1. Quick one: what pairs do we get from the stretch 350-362, first residue free of Cβ contacts under 8 Å to residues at least 40 places away in the same chain, second open to solvent by 50 Å² or more (accessible area, probe 1.4 Å), C-beta under 6 Å, 6+ apart or different chains?
2. If I filter the stretch 216-241 down to residues being open to solvent by less than 40 Å² (accessible area, probe 1.4 Å) and under 12 Å from Ile268 (Cβ atoms), which single residue comes out as farthest from the chain's Cα centre (by Cα)?
3. In the stretch 110-130, which residue that is open to solvent by less than 30 Å² (accessible area, probe 1.4 Å), at pLDDT below 90 and not hydroxyl-bearing (Ser, Thr, Tyr) is farthest from the chain's Cα centre (by Cα)?
4. Looking at the stretch 98-109, is at least one residue part of a loop (DSSP other than H, G, I, E, B), under 23 Å from Phe185 (Cα atoms) and either open to solvent by less than 20 Å² (accessible area, probe 1.4 Å) or at pLDDT 95 or above (or both)?
5. Quick check: anything in the stretch 293-311 assigned to a strand (DSSP E or B) and of a type in the set (D, E, K, R)?
6. So, of the residues in the stretch 226-255 that are among the polar types (S, T, N, Q) and modelled with pLDDT of 95 or more, which turns out to be farthest from Arg331 (Cα to Cα)?
7. Of all residues in the stretch 242-279, how many are crowded, with 16+ Cβ neighbours inside 10 Å, of a type in the set (A, V, I, L, M, F, W, C) and in a loop (DSSP other than H, G, I, E, B)?
8. Against the conditions (1) surrounded by 15 or more Cβ atoms within 10 Å (Cβ to Cβ); (2) closer than 22 Å to Thr126 by Cα; (3) of a type outside the set (Lys, Arg), where does Thr291 fall short? Just the number, please.
Amino acid sequence: MLALSAATATSGQDAEAQGAQLIAAAPSHADSGKTPTDSTAPAASAAAALPKWFDELAVNAFVSTAYQYNSNRPTTGATSYRVFDFSDNSFNLDVAELVVQIAASKPNDAGFRVDFAAGNSIPQITKTQDQNAAQFDLQQAFASYIAPLGSGLRFDVGKFVTHMGYELIEGYDGYNDNYSRSILFGYAIPFTHTGVKASYAFSSKVAAMVEVVNGWDLLRDNNRSKSVGAQLTLTPVAPLSVLLNWIGGAEIANDNHTNRNVFDVVAILKPTKTLTFGVNGDYGIENGTSTVNPGSDATWKGIAGYATLALTNKFSVALRGETFHDEDGVRLGTGTRATMSEGTFTPTYKFTDHVLLRGEVRYDTANQPIFAKRGTLSDKQTTIGANVIFVY
């Protein structure tokens, strides 16, 4: 089964991504027989009554639905070690998302953004650890202000998606080259943060961000220690972007001293308009939490490579290959030293700017039997899927 969709070069959850936006012209109405005064006066009065900020309000939507088949046929109906595409032999509404915002774009601008997400796949995972609703997530909700300092010092306060990684949670303003998410996306880095961050562009080639947040995927902090994150974005030449990311802090509930640090690098090269290469590397360490060697630090590391080629303005193909090493059995939860690798092929067909279709074939392997297979375990797993996206 192959379905086709539109590839988009992305740069992690902060890297470049494409979106689509529909601006509809006001419909014309048949002549009602009324005079121009009759029809235009009420409209003019209503327009005058609208506050000025209403003109800046933007509303966008994103819907992702899919079907996936796992050749292992797990008896639980859940595909092992998948982040969002975990339902086997099932049609799924992954997410329906509505975004309401007033964008801040220049010094002295203030704005906000709220992302309402519902569905039976993505919201179950992206919801914070202290949130009970399973099929709904306030994925982002933050206010923004750009202080008139130099080119503009931007502050965002609230809940926002992480700056780590190559791939995105996805939305109207960005979606990935592949339907399934990488192992690194799911097990090496966080999804969201709640706190405050400051961003500043020193030039067209150098930008930076720092943040102080509650931690990984939390609305309320689970201890008395805050986490700190940072990002340095470098664009030495137009076809190349490099993002250096870090986050560190105590992430275990009621523990203010067991620190977790993750270092993340993303590089994107676009040698031509139709070809994009990407690489994502992660290294994580957490004090004294190893389950392989109790009392020792837990470490994990991995690397993923990406290639996307647009064969026409509607049809493209994407490849991803990666390997992830959970040296101390903490991130994958195996309790043993585990290594997972995967290869993914995703063809893409873009019907319009608002509708696209992605197909996917993915093959996972591990150094031990950890994938569910008909009531037992296997060291390999193959899935085939199709994904339709609507963007407005």
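1. These pairs meet every condition: Val355/Phe390.
2. Across the stretch 216-241, the extreme among qualifying residues is Thr235.
3. Looking at the filtered set, the residue picked out is Pro123.
4. At the first step, the residues of the stretch 98-109 found to be part of a loop (DSSP other than H, G, I, E, B) are 103-109.
Those still in the list that are under 23 Å from Phe185 (Cα atoms) too: none.
No.
5. Narrowing the stretch 293-311 to residues assigned to a strand (DSSP E or B): 298-310.
Of the ones still in play, those that are also of a type in the set (D, E, K, R) are 301.
Yes, there is a match, as at least one residue in the stretch 293-311 is assigned to a strand (DSSP E or B) and of a type in the set (D, E, K, R).
6. Going through the stretch 226-255, the residues among the polar types (S, T, N, Q) turn out to be 227, 231, 233, 235, 241, 245, 254.
Narrowing the set further to residues that are modelled with pLDDT of 95 or more leaves 227, 231, 233, 235, 241, 245.
On the way: Ser227: 19, Gln231: 23, Thr233: 27, Thr235: 32, Ser241: 29, Asn245: 19 Å.
That would be Thr235.
7. 1
8. (2)
The values are calculated or read from the model by the stated rules, or taken from the named source; none is laboratory data. Bear in mind that the values here come from a model prediction, so they are computed numbers and not experimental data. Cβ sites come from the backbone with ideal geometry, for glycine too, and all protein chains shown count toward neighbours. To get the accessible areas, we keep the full protein, side chains included, count just its heavy atoms, and leave off ligands, DNA and RNA. Shrake-Rupley method; radii C 1.70, N 1.55, O 1.52, S 1.80 Å.
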